[in-house]
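To start, the structure under review is shown below, and the notes come after it.
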């Protein structure tokens, strides 16, 4: 064997060793992905079910121990319902921080809607609920709620929200999503909790308010914007905009024609 062939064999050996070193961590990662933790994450998904009626009789408990059904917490107003996990070290603080930034930018009277935070962890009693970040802006302040296991499961199942507890860490996995409810507890929209914009949340509340939240311009914007469930955002509907532009054009033409007829009639009378 000459030196060149020996060097070539040596390089092949190095490449083979590098490939093995690369594949071993990937194989271990695949093992982790196929393990219980991955199965837990798979359960934390959202199956969007807009138009679903949530159980208004579901009893929810506030941080101070107050017990009221969901219908009473809504108080005949549309609401933002955020499934959270108060002791979550990951996404929930970001969700609450995003809400705290977004709500003041809505430019809606805080009394026109409700903000409900509901933990997916039934064992989080009112003492644990107080561990949540600083209260969201109000008034009224966001209600920090929890419920027993059966009620929590019933509500989340109705909303299409999957969640599960990881056996290894003891923490709960759940999707970062906001539910916008009508005053009657019907799911109107699902919005991404981490990227929701003031515009989208405002339009969703106006839409859920069915004419009782926001002004005339808001109602017009809701009709001009269509909701895209895939992105969780409102997008401008070109066809609707064109129709409105057509109506406005016809109105202007009609006004101009009436003005011309009135001037012609007045001119004819002046000559007679």
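Here is the figure for the stretch 193-212: residues that are under 18 Å from residue 114 (Cα atoms), modelled with pLDDT of 50 or more and in contact with a helix residue (DSSP H, G or I) (Cβ under 8 Å, 6 or more places away or on another chain) total 12. Filter the stretch 44-61 down to the residues that are outside any loop (DSSP other than H, G, I, E, B) and either without any contact (Cβ under 8 Å) to a residue 12 or more places away in the chain or under 16 Å from residue 191 (Cβ atoms) (or both) and list them by number. Selection gives 46 alone. Residue 113 meets the conditions (1) at pLDDT below 90; (2) within 22 Å of residue 201 (Cα to Cα); (3) under 20 Å from the mean Cα position of the chain (by Cα) in every case but one. The failed one is (1).
Restricting attention to the stretch 79-105 and to residues that are in contact with a helix residue (DSSP H, G or I) (Cβ under 8 Å, 6 or more places away or on another chain) and more than 15 Å from residue 178 (Cα to Cα), the residue that is surrounded by the fewest Cβ atoms within 10 Å (Cβ to Cβ) turns out to be 105.
Looking only at the stretch 62-80, count how many residues are outside any strand (DSSP E or B) and in contact (Cβ under 8 Å) with a residue 24 or more places away in the chain. Show your work before the answer.
Here is the first cut: in the stretch 62-80, the residues outside any strand (DSSP E or B) are 63-66, 70-78.
Add one more test, that the residue is in contact (Cβ under 8 Å) with a residue 24 or more places away in the chain, and what stays is 63-65, 70-71, 73-78.
Result for the stretch 62-80: 11.
In the stretch 63-78, the qualifying residues are those that are surrounded by fewer than 16 Cβ atoms within 10 Å (Cβ to Cβ) and touching a strand residue (DSSP E or B) at 6+ places or on another chain (Cβ under 6 Å), and the one that is modelled with the lowest pLDDT is 67.
The values are calculated or read from the model by the stated rules, or taken from the named source; none is laboratory data. Keep in mind it's a predicted model, so treat the numbers as computed, not measured. Counting neighbours? That spans all protein chains shown, and the Cβs are built from the backbone with ideal geometry, glycine included.
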